[in-house]
1. Can you give me the number of residues within region 1-24 that are exposed (fewer than 14 other Cβ atoms within 10 Å of the Cβ) and in a helix (DSSP H, G or I)?
2. Please go through region 65-76 and pick out each residue that is closer than 16 Å to I52 by Cβ and surrounded by 12 or more Cβ atoms within 10 Å (Cβ to Cβ).
3. Would you pick out the residues in region 31-54 that are in contact with a strand residue (DSSP E or B) (Cβ under 7 Å, 6 or more places away or on another chain) and aliphatic (A, V, I, L, M)?
4. Would you check which residues across region 25-45 are among the polar types (S, T, N, Q) and surrounded by 17 or more Cβ atoms within 10 Å (Cβ to Cβ) and list them?
5. Specify the residue that is nearest to L92 (Cα to Cα); the eligible residues are those in region 25-75 that are basic (K, R) and not in a helix (DSSP H, G or I).
Amino acid sequence: MPYDNGFHFYTGIGNYTGVTATSLAEFAEKLQAVDSGSIRFHFQRADFQKWIKTTIGDPELAKRMNMIKRELSDENLRQELLKVVQTRVVELKAFF
């Protein structure tokens, strides 16, 4: 997808990390390295879910992300998100 439609990671309003993902596989890759504060910031705002549902077009993955507990530590949150996203990438590759 075009860069402008990619997911741009921030640590807060106006604090761009310089990291952008332009596909679901790249999103999983970037989740592994991006600052955990950025993950917390976006997860609390449901930014990941909105992007995945509307831009990627995968409401099932967005729903699965919504089921992740909000009270997890930053690193546990990263690991849970990674697990859900990587599982979905494998499912989609097998499907197509």
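We did not get these values from a lab; they are worked out from the coordinates using the rules stated. Owing to the predicted nature of the structure, the values given are computational and were not obtained by experimental measurement. Cβ coordinates were reconstructed from backbone atoms using ideal geometry, including for glycine residues, and neighbour counts include every protein chain displayed.
1. Counting residues in region 1-24 that are exposed (fewer than 14 other Cβ atoms within 10 Å of the Cβ) and in a helix (DSSP H, G or I) gives 3.
2. Within region 65-76, M65, N66, I68 qualify.
3. Across region 31-54, the qualifying residue is only V34.
4. Once the filter is applied, which keeps residues that are among the polar types (S, T, N, Q) and surrounded by 17 or more Cβ atoms within 10 Å (Cβ to Cβ), region 25-45 yields only S38.
5. K69
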